[in-house]
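Comments concern the structure below.
Please treat every number below as a calculation from the coordinates, not as lab data. Just so it is clear, the structure is predicted and the values come from calculations on it, not from any experiment. Neighbour counts run over all protein chains shown; Cβ positions are idealised from the backbone, glycine included.
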Amino acid sequence: MAVALRSEAAADRAFLRLLFGEVRARELGPAGLDPVLLQRLLDMQFEAQRQSYRQAYPAARFDIIEVDGVPAGRRVVAQADGALHLLDIALMPAWCGKGIGSTQLRALQQEAAGAGLPLRLHVALNNRAEALYRRLGFKETGVSGMHRAMEWENDNE
């Protein structure tokens, strides 16, 4: 299994929308929404997230995670405010639990360590990825709304 990163391109839009829908569907659970209404809601949220990341972090790196040349997920990273920020990491359900996420996180930890920066992220309070972050040495730095702020510092290794 060869995992690689490449820069997001305009041609990735349909994949990114599908990925967003898969991730949000897991978070929403059986919400009982009308399928047409759900699609509209997800479309609006997808666009809002894309615009928000680009406005708040214009120099962010938007990457597609590929496995054997096939898009499997995405990663959005920015350096700002004296830290490396993992803004988003998401994998299609078929690729979850295969070590891809932890490999991406370790690579970001190495990048942060090399730059002498902490690595920060926010995770939804009900997101099972929090356990992975804690295993990799991230510590909680606060809770705001429905998200937990976490940070990894170079001395956590």
Relative contact order computed over the chain (Cα-Cα under 8 Å; 6+ residues apart), in percent: 19 percent
Cα→Cβ-extended label distance, 7 Å offset, between D68 and L37, nm: 4.1 nm
Dmax and Rg, reported as Rg then Dmax, of the range 3-156 (C-alpha, Å): 15.5, 49
Separation between Cα centres of the range 1-77 and the range 109-152, rounded to whole Å: 20 Å
Within the range 28-115: Cβ-based charge dipole about Cα centre, in debye rounded to nearest 20 (Lys, Arg +1; Asp, Glu -1): 80 debye
Within-11-Å neighbourhood charge of L105 [Cβ basis; K, R +1; D, E -1]: +2
Cα→Cβ-extended label distance, 7 Å offset, between A107 and A131, nm: 2.5 nm
Most mobile listed residue (P58, P35, P93) in the chain, GNM with C-alpha springs under 10 Å: P35
Gain upon complete extension [N154, M1; 0.36 nm per residue less C-alpha separation]: 52.2 nm
Residue-averaged [θ]222 nm for the chain, counting only DSSP H segments that reach four residues, each worth -39500 (n - 2.57): -13000 deg cm²/dmol
For the range 3-156, share of DSSP beta bridges that run antiparallel, in % to the nearest 5: 90 percent
